[in-house]
Structure formats: C-alpha cells, structure tokens
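Below is one structure, written out as structure tokens; comments come after it.
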Amino acid sequence: MGASRDFVSGVLTEWRLHTLIEDIRLCVSELATNGLLHGVPPGREFSVVLH
C-alpha cells in the first residue's frame, strides 16, 4: 500500500495538484487496504490508475 501512496504522490506532484495529495493518498490507502482484505485473492496484485 505504501507503493500506491507513493505513486499517487508522484503523479499529483507532476500534475501540480499539491493541495490534493494528502486527501487522495488517504483515499488510495483505504481503497488498497479494502481491496487486499476483501477483494483480491491472496497472491494476486492490484493496480492504481489516475485519470
């Protein structure tokens, strides 16, 4: 999940959306945690995409 947060921070920094970084990092962290706990079978991966 740390990689997801780092990815989001990097993309939002490139997009110059600094004011959104903390809020989006929190959302991504929660979604990644829920995905790992409830949606992704053990041993499988998930991806994070920003548009």
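The values are calculated or read from the model by the stated rules, or taken from the named source; none is laboratory data. Source: prediction; values computed, not measured. Because the Cβ atoms are built from the backbone with ideal geometry, glycine has one as well, and the counts that use them run over all protein chains shown. Ligands, DNA and RNA are excluded from the accessible area calculation, which covers all protein heavy atoms including side chains. Shrake-Rupley method; radii C 1.70, N 1.55, O 1.52, S 1.80 Å.
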Notebook entry, point to check: Would a scan of the range 17-24 turn up a residue that is touching a helix residue (DSSP H, G or I) at 6+ places or on another chain (Cβ under 8 Å), open to solvent by 70 Å² or more (accessible area, probe 1.4 Å) and part of a helix (DSSP H, G or I)?
Noted result: yes
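Here is a check on your reading of the model: is L36 surrounded by 11 or more Cβ atoms within 10 Å (Cβ to Cβ) and at pLDDT 95 or above?
In short, no.
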Residues in the range 1-16 that are part of a loop (DSSP other than H, G, I, E, B), open to solvent by less than 100 Å² (accessible area, probe 1.4 Å) and at pLDDT 95 or above total 0
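Restricting to the range 39-49, name every residue that is open to solvent by 50 Å² or more (accessible area, probe 1.4 Å) and of a type in the set (A, V, I, L, M). Let's see the steps before the verdict.
Narrowing the range 39-49 to residues open to solvent by 50 Å² or more (accessible area, probe 1.4 Å): 39, 41-47, 49.
Across the range 39-49, the qualifying residue is only V49.
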Expected output for the range 1-24 (first residue in contact (Cβ under 8 Å) with a residue 12 or more places away in the chain, partner surrounded by 15 or more Cβ atoms within 10 Å (Cβ to Cβ) and of a type in the set (K, R), Cβ below 7 Å, 6+ apart or cross-chain) is R5/R25; V8/R25; S9/R25
